[in-house]
Amino acid sequence: MVSRISDQRPRQRPAAGQGAPEPGVFARGLQGIRAAQVRPELVLEEVPAPTRLAPHAVALSGEVVPSRVDDEDPIATGRFVVLHDPEGPEPWEGTWRAVTYAKAQMEPEVGHDPLAGQAGWSWLTDALDDAQLGWSAAAGTVTCVTSESFGALADREPTVELEIRASWTPVLTDGDEARELAAHLGAWGDLLCTLAGLPPLPDGVVALTGVRRDR
């Protein structure tokens, strides 16, 4: 089951006479992403970024590991990529683009739920809205795959995997790109943790720095 979804938000373009961002704008955004605060179960690592999609890019892989033990299998995985093109490609409706995916195994009954796609998409949009972030031109797919075993493998339980592939344009404030891009990363991290079945962090619990540099 694949659901293709797009969200159209009011376009927010630069004011008349405003030129391309200054050269250091991506560096500011990158600094914010690398210093992002995420919940402790989410392990992030900077990985090689795509080189042909935009002049500037950064990519992170993410895994939800409840105990944070290195040899424990993650219960959800994904990737978060931020692209920046000062020329502002028309489909983006801006100069930034977040390109992401997130996937996790779900309860078997999810595979028979016709609204699974809508629910998965709402987890993303709710995470962005709950963080009070500006975003536009969102698009993506939600795929739900059920695997059943037969014959000699018939004793295996059916498995259901939900995967969300989504992209959107962060609408950022000049000079505040670091904080806002970190918040977009945090919203995607919340989505990944929701897929993993983790409850929201209680009020007053402080998240930890989760980005590890790839060396």
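The values are calculated or read from the model by the stated rules, or taken from the named source; none is laboratory data. The structure presented is a predicted model; accordingly, all values stated were derived computationally and were not measured. No Cβ is skipped: glycine too gets one built from the backbone with ideal geometry, and neighbour counts run over all protein chains shown. Please note that ligands, DNA and RNA were not included when accessible areas were found on the heavy atoms of the full protein model with its side chains. Shrake-Rupley method; radii C 1.70, N 1.55, O 1.52, S 1.80 Å.
Figure note: R179, R52 ranked by solvent-accessible area, largest first, 1.4 Å probe, ligands and nucleic acids not counted: R52, R179. Eigenvalues of the alpha-carbon gyration tensor of region 137-185, scaled by 5 and square-rooted, set the equivalent ellipsoid semi-axes at 42, 12, 4 angstrom, largest first.
Kindly state, to the nearest 0.05, the FRET efficiency for R179 paired with T51, given R0 = 30 Å and r defined as their beta-carbon distance.
On the way: r = 27 Å, r/R0 = 0.89.
The value I calculate is 0.65.
Charging the Cβ of each Asp and Glu at -1 and of each Lys and Arg at +1, and nothing else, the dipole of region 78-122 about its Cα centre rounds to 180 debye.
About the Cα centre of region 127-168, how large is the charge dipole given +1 on each Lys and Arg Cβ and -1 on each Asp and Glu Cβ? Please answer in debye to the nearest 20.
Working: 2 positive and 7 negative charges, 35 e Å.
Rounded to the nearest 20 debye, it is 180 debye.
Using the Cα coordinates of region 41-133, the gyration tensor eigenvalues translate into equivalent-ellipsoid semi-axes of 27, 20, 12 Å, sorted from longest to shortest.
In region 22-124, what percent of the accessible surface is made up of carbon and sulfur (1.4 Å probe, ligands and nucleic acids excluded)?
52 percent
The mean sequence separation of alpha-carbon pairs under 8 Å and at least six residues apart, normalised by the residue count of region 114-187, gives a relative contact order of 35 percent. Spherically averaged projected area of the convex hull of Cα atoms, region 83-133: 5.0 nm².
Accessible area ranking (1.4 Å probe, heavy atoms, ligands and nucleic acids excluded), largest first, for V81, V99: V99, V81.
Placing V65, V47 in order of accessible area, with the largest value first and a 1.4 Å probe, yields V47, V65.
Between amide H atoms placed 1.01 Å from N, distances below 5 Å from H56 occur with H84, all of them 5 or more places distant or on a separate chain. Taken about its Cα centre, region 82-163 carries a charge dipole of about 140 debye when Lys and Arg each add +1 at the Cβ and Asp and Glu each add -1 at the Cβ.
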